[in-house]
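**Q** Have a look at this one.
Bear in mind these aren't lab numbers, they're just calculated from the coordinates by the rules spelled out. Because the structure is a prediction, the values reported are computed rather than measured. Heads up, the Cβs are rebuilt from the backbone with ideal geometry, glycines too, and the neighbour counts pull from every protein chain shown.
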Amino acid sequence: MDRLPYAKGAMFNSYGEDCITCHPATRVDLLRQIQDWAQEPHSKSIFWLNGMAGTGKSTIARTLAAWLAEQGRLGASFFFNRGEGDRCSASRFFSTITRELVLKIPGLGTLVTEVIASDPFIFDKLLGEQFDKLIYQPLQKLNLPTSGCPTLIVVVDALDECEKERDIKAILDLWPRLSRIKTIRLRLFLTSRPDLPILLEFKKMSVDAHQDLVLHDEVPRTTIQHDISAFLKDAFSEIRKNYNVDPPLDAPLDRDWPGDEVLQALVHMAVPLFIVAATVYRYVGDPNWNPQERLETILQFQGTGHLEQMEQTYLPVLTQLPATLSNSREKEKLYQELRMIVGSIVILAEPLSVASLAALLQVSSATIRLRLRPLHSVLRVPPDTETPVRTLHLSFSEFLLSDKLRDQPFGVDGPQTHQLLLTRCLELLSGPDGLRENLCDLYPGQPRREVDSAMISKRLSPAFQYACRYWVHHVQHGKVQIHDDDEVHVFLQKHFLHWLEALSLMNRIAEVIGYIGVLQSFVSVSDLQEFRERGLALIYEGAGKQFNSFIIFS
């Protein structure tokens, strides 16, 4: 198990992840249909639930996973999440699935151990080879009783948030092969948006291999209205109850607040997007504000006919931020800080805590906390400074980065924010406590396996590790062209081998080849040959001066 790498946070019920499941009075018929598929011995091997953003696919996936876990039939799970490090990549997909299956299927662990012993680098191979050696071949070799062939369900959520289209295609191309396995029935419950690459892959499959359900088309609108109405009715009852525990100025909310007419207006505003209803609930129910005033703000935007659903949902949250400021200079300072802090949160390659954001962005934790305080309806902001801050839904990131907000003061310029983060990463790595030779003060030739993980964590803070892993990511998405004597060139000249050593300590050295390929693609054609030659010279020169860096890789 220790040798099976996994994507942290990708598995159902992972610490720090959203644990919200469907309200008991909602999705009743839909969940029964999925549960029937999961229990029927001869049902199709894949159930694909697709729908547009905000229709509640992830909540349904979590609800199903919880039910399967209770039944002892949850084989494995992987919840993709864009901007969440290994969770937006397929590089650890099959090894994470294998890690979970080993705990559920007797004898599988021994077979996987043999694979790792014969091919220690299997986790860095192509997805097809990982699938064959870690899952398909071991399952074929299992020696299980032929009677009562067990059925396990693998839940995979938000496949569309996997960053590489070719990996999405590979997963969908490989998985149907498992229907040939006779020792065990392994089925896949999959959710995604109906993006073209996924649609095309399902069109290639035999109709006997998969069962599909389109949330926003095949579920009757009346059913969705009923479910959202049930959710909002309970949600506002909870808001009213919490507020009336200690109402200011002895002015409690009425027992029938907000009234049937208002609730129906909110239902009409939300259908068919559950994320709209959930955001309204979090926004109005924020304990730091008067719920009646917040509700009135929502209703004002709801009455503006030209706004789309996401605008009606997120604009009230954003426009109330400068409400208490009258000075234009103060407002501009507020907007600058919001664009930097919230803009960084929505485009980070991996979520960071308040403390790590402060270290990376070179602002105080207090300032970050202050700016995030009014945004709890769209961001998950933990009470401590060490747990990562996350967006509650991908649609909020997409809204801030959309062209519609290009001229708005709180709109986020994606490439510009990536460029800012690149600069901050390189400044952190090049600073007084940054990269240097022999970062952890090891003895010459000390193997990596002997290095104490606590020492690595102490020396390489989360912000430092983020900068090491993702500064190249920000080069790529910031569309930064690399030239002589720019910040990237200066950094590589001074810290190239120190950077490799740090990645090795983090067990990320295998990623370097991809990083170098990205960097080469952003060097101008005239400078490319010189870049390659200088890179080789740096390696040969460093091999003599910093030999310990290379020994540690082993």
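**Q** How about region 378-484: which GluC sites (Glu not before Pro) there lie in a loop by DSSP and see at most 16 other Cβ atoms within 10 Å?
**A** Working: sites: Glu386, Glu398, Glu427, Glu437, Glu450; in loops: Glu386, Glu437.
Passing both the DSSP loop test and the Cβ count: Glu386, Glu437.
**Q** Restricting the count to DSSP beta bridges whose residues both fall in the chain, what percent are antiparallel, rounded to a multiple of 5? Walk me through the numbers before you get to the answer.
**A** On the way: 3 of 25 bridges.
Here the antiparallel bridges make up roughly 10 percent for the chain.
**Q** Compute, for the chain, the length of the dipole vector about the Cα centre, with Cβ point charges of +1 (Lys, Arg) and -1 (Asp, Glu) only. Units Debye, rounded to 20.
**A** 1140 debye
**Q** Using R₀ = 25 Å, calculate the FRET efficiency as 1/(1 + (r/R₀)^6) where r is the Cβ-Cβ separation of Glu165 and Gln481; round to 0.05. Intermediate results must be reported in sequence, preceding the final value.
**A** Numbers: r = 25 Å, r/R0 = 0.99.
About 0.50, to the nearest 0.05.
**Q** Relative contact order of the chain, please, whole-number percent, based on alpha carbon pairs below 8 angstrom and at least 6 residues apart. Provide the component values of the computation, followed by the final result.
**A** Details: 705 pairs, mean separation 67.8, N = 554.
Computed over the chain, the figure is 12 percent.
**Q** PRE reach from Arg82 (point 7 Å along Cα→Cβ): which of region 208-231 fall under 18 Å by backbone N?
**A** No residue passes the distance filter.
**Q** Still on this structure: Under the rule of at least 5 residues apart or a separate chain, name every residue whose amide H is placed under 5 Å from the amide H of Phe189.
**A** It is Phe47, Val154, Val155, Val156, by chain and number.
**Q** At R0 = 56 Å, how high is the FRET efficiency between Ile513 and Glu293 if r is their beta carbon distance? Nearest 0.05 is fine.
**A** On the way: r = 55 Å, r/R0 = 0.98.
Taking R0 as 56 Å, the efficiency between Ile513 and Glu293 is 0.55.
**Q** From the helices alone, meaning DSSP H stretches of at least four residues, give me the mean residue ellipticity at 222 nm for the chain, per-run term -39500 (n - 2.57), in deg cm²/dmol to the nearest 500.
**A** Details: 25 runs with 289 residues, N = 554.
Computed ellipticity for the chain at 222 nm equals -16000 deg cm²/dmol.
**Q** So for the pair Lys333, Asp195, with labels modelled 7 Å out along Cα→Cβ, what separation do we get in nm?
**A** Taking the two extended label points, one gets 4.1 nm.
**Q** Region 98-142: which chymotrypsin sites (Phe, Trp or Tyr not before Pro) are DSSP loop and have at most 15 other beta-carbon atoms within 10 angstrom? All intermediate terms of the calculation are to be shown ahead of the outcome.
**A** Details: sites: Phe121, Phe123, Phe131, Tyr136; in loops: Phe121.
Those that pass, being in a loop and sparsely packed, are Phe121.
**Q** Sticking with this one: Is the chain best put as rounded, prolate or oblate by its Cα gyration tensor, with a ≥ b ≥ c the root eigenvalues, rounded for a/c under 1.5, and otherwise prolate when a/b is larger than b/c, oblate when not?
**A** On the way: a/c = 2.00, a/b = 1.15, b/c = 1.74.
In terms of gyration-tensor shape, oblate.
**Q** Given H placed 1.01 Å from N in the peptide plane, which residues other than close sequence neighbours of Thr391 have an amide H under 5 Å from its amide H?
**A** For Thr391, whose amide H was placed from the backbone, the distant partners under 5 Å are Arg380.
**Q** State the answer as a single residue: which of Ile228, Pro247, Ala38 lies farthest towards the positive end of the charge dipole of the chain, with beta carbon charges of +1 for Lys and Arg and -1 for Asp and Glu, about the Cα centre.
**A** Checked the options; the winner is Ala38.
**Q** May I pose another question? Can you pull out the trypsin sites (Lys or Arg not before Pro) in region 366-416 that DSSP calls coil and that have at most 15 other Cβ atoms within 10 Å? Walk me through the intermediate numbers first.
**A** Details: sites: Arg369, Arg371, Arg380, Arg390, Lys404, Arg406; in loops: Arg406.
Taking region 366-416 and a limit of 15 other Cβ atoms within 10 Å, the loop trypsin sites (Lys or Arg not before Pro) found are Arg406.
**Q** Shifting gears a bit: Sequence neighbours fewer than 8 away in the same chain don't count; with that in mind, list the aspartates and glutamates whose C-alpha is under 12 Å from Lys203.
**A** In chain and number order, the partners are Asp173, Asp212.
**Q** Next question. Could you tell me how many cubic angstrom of Cα convex hull volume region 206-334 has per residue? Don't jump to the answer; show the numbers that get you there.
**A** Numbers: hull volume 22.2 nm³, N = 129.
So the per-residue Cα hull volume is 172 Å³.
**Q** Express the relative contact order of region 111-265 as a whole percentage, based on alpha carbon pairs under 8 Å and six or more residues apart in sequence.
**A** Values: 104 pairs, mean separation 29.7, N = 155.
Relative contact order, region 111-265: 19 percent.
**Q** Name the residue from Pro5, Cys22, Ala278 whose Cα lies farthest towards the positive end of the charge dipole of the chain, charges +1 on Cβ of Lys and Arg and -1 on Cβ of Asp and Glu.
**A** Pro5
**Q** Quick one: if you stick a label point 7 Å off each Cα along the C-beta vector at Lys494 and Ala454, how many nm between them?
**A** It works out to 3.3 nm between the two label points.
**Q** Too long at a 20 Å Cα-Cα cut-off: which of Lys104/Lys141; Lys44/Lys182; Lys141/Lys182; Lys182/Lys204?
**A** Values: Lys104/Lys141 16 Å; Lys44/Lys182 15 Å; Lys141/Lys182 10 Å; Lys182/Lys204 24 Å.
Check vs 20 Å cut-off fails for Lys182/Lys204.
**Q** Could you give the distance between the Cα centres of region 451-502 and region 184-213, to the whole Å?
**A** What the calculation gives is 39 Å, centre to centre.
**Q** Among Glu311, Glu350, which comes first, then next, by fewest other beta-carbon atoms within 10 Å?
**A** The order, fewest Cβ neighbours first, is Glu311, Glu350.
**Q** So, one more: Would you mind working out the magnitude of the charge dipole of region 28-216 relative to its Cα centre, with +1 at each Lys and Arg C-beta and -1 at each Asp and Glu C-beta, to the nearest 20 Debye?
**A** Result for region 28-216 is approximately 360 debye, rounded to the nearest 20.
**Q** Test of understanding: ordering Ser237, Ser356 by Cβ neighbours within 10 Å, fewest first, what list do you get?
**A** Values: Ser237 12, Ser356 24.
Lowest to highest Cβ neighbour count: Ser237, Ser356.
**Q** While we're on this one: What FRET efficiency would be calculated for the residue pair Met506, Val245, taking the C-beta separation as r and a Förster radius of 41 Å, to the nearest 0.05?
**A** Values: r = 47 Å, r/R0 = 1.15.
With R0 = 41 Å, the Cβ-Cβ based efficiency is 0.30.
**Q** Pairs of alpha-carbon atoms within less than 8 angstrom and 6+ residues apart define the contacts here; what relative contact order does region 358-480 have, in percent? Please list the in-between numbers first.
**A** Details: 85 pairs, mean separation 31.6, N = 123.
Answer for region 358-480 is 26 percent.
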